[in-house]
Amino acid sequence: MGGDNFGLANDSRAGSFSLANSARDFSNFSLKTARLELVPQNIKFLQSTHEYASDRATMRYMLFLPNDTIEETKNFLERAQAEWQSANPRDFECAVFHDGEHIGGVSVTLLDGCAELGWCLKKSAQGNGYAQEAAAALIRWANKTFGVTRFIAHCDSENAPSWTTMEKLGMKRVGCTGGRYNKSAPTQERKEFTYQLDIADEWITLERFDMKNIPQVMQVVLPLWAPPSDDKEFVRMDVEFIVRNNIYQPRFSFQLTDKKRESGDEVLSAAFFTLKGDTNDARNWLDQKSRDCKPEQKRSLEMVKTYLEYMDKKALSFMTGDDIKLSLYVSRKRGAGAALLARVLPALKEKGYKNLYLWTDSDCNWNWYVKNGYELVSQEVYEPFSEPGDDYKTFVFRKEL
């Protein structure tokens, strides 16, 4: 059974992953699920691997299996082990263990713009959902480690257990082609199913922003905005005020959320939109929180309030009633900000808004907007935050919706 990634090093379809991955050390790789443990395939597992890899009945639908000799299995394990130990591995072949027993293998191979999944289990381990559980863990790992958001898998069209597992993983059938020749029947042309999973579509949802997730947004901005202070509580209050200052009307506050994190939902990005005339209660919140602050801390807060008010007015001065202002917060997840805006901006355009405005400064990745087609309409030095030889620059951008 299983997807056909077992032994993919021999498959001419294998490509190179488009994201350059710097040298990594996977010597301590191990993934644990509720019932399973995944570890790198290793020559130590020769006998247990050959047990299922040589089972002709179980592997009859596979491209590269069954193995006729133990030497074939040995060669495969040596290649897999060497790949794990290389500077930039691409093929990640894992041994799957259940209660200390080696029950099969699961793999993910980095290709151009996606990754291919594969699995095979010994006959006695089939029918328990182990392949799905192992593959799901490897999907999460590849997504977190390499930023992979698209996964594919192939199988013989008659291999119902395999394509059923793919569908349980949330994958969708995207192709059915001929020209397939399995190793067990090299002269018999067969049909092949191709399945695909796009995490951006299947796992990530667009929602109204939930105020309880402010701490997740702060995890992103704290390293950038934290003022010099030994008082951690004051720093958190200061930064939280900056975040709250940008949250106006609930109808225009959104979050992109990963719903399948094992540790709970994760906010990947958040966007807050403002119209002319909108108000919020951030200053009232700060007045309550800062009652017991020291005089120097209150002076620092006043500087922050003055700066935010100045920049908000600056951006709003370019806007008409048909325009809307954006404040965007993005996690370290590659592409999370663009993915959120791709879903929200068309809806804003349909509502009749003409232009999107935003302001940012040299403490943030302002070049992202330049690279994504935003027009720079204002740039200046904000003197109160500048130091000799280090100008604090502010920017206002516009994008036509």
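The values are calculated or read from the model by the stated rules, or taken from the named source; none is laboratory data. All values reported here derive from a predicted model rather than from experimental measurement. All Cβ positions, glycine included, derive from the backbone under ideal geometry; neighbour counts span all protein chains shown. Just so you know, the surface numbers come from the protein's heavy atoms only, side chains and all, with ligands and any DNA or RNA stripped out. Shrake-Rupley method; radii C 1.70, N 1.55, O 1.52, S 1.80 Å.
Within segment 80-110, the set of residues being open to solvent by 10 Å² or more (accessible area, probe 1.4 Å) and either in contact with a His (Cβ under 9 Å, 6 or more places away or on another chain) or within 20 Å of Leu197 (Cα to Cα) (or both) comprises Arg90, Asp91, Glu93. Listed by position, the strands (runs of 3 or more DSSP E) inside segment 92-180 whose residues that are under 30 Å from Ala339 (Cβ atoms), out of contact with any Ser or Thr (no Cβ under 8 Å at 6 or more places or on another chain) and modelled with pLDDT of 90 or more number at least 3 are 101-110.
For segment 123-137, which positions are among the aliphatic types (A, V, I, L, M) and more than 22 Å from the chain's Cα centre (by Cα)?
Taking segment 123-137 first, the residues among the aliphatic types (A, V, I, L, M) are 125, 131, 134-137.
Selection gives Ala125, Ala131.
Taking the condition at pLDDT below 90 and either open to solvent by 40 Å² or more (accessible area, probe 1.4 Å) or in a loop (DSSP other than H, G, I, E, B) (or both), does Asn284 pass? Judged against the criteria, Asn284 is not a match. Among the residues of segment 111-120, those identified as buried (at least 24 other Cβ atoms within 10 Å of the Cβ) and in contact with a Phe, Trp or Tyr (Cβ under 7 Å, 6 or more places away or on another chain) are Ala115, Leu117, Gly118, Cys120. With the condition kept exactly as written, say whether any residue in segment 184-197 is exposed (fewer than 15 other Cβ atoms within 10 Å of the Cβ), among the hydrophobic types (A, V, I, L, M, F, W, C), modelled with pLDDT under 90 and farther than 19 Å from Val108 by Cβ. No. Going by what's in this entry, would Gly179 be described as without any contact (Cβ under 8 Å) to a residue 40 or more places away in the chain and not polar (S, T, N, Q)? Yes; evaluated as a whole, the condition is true for this residue.
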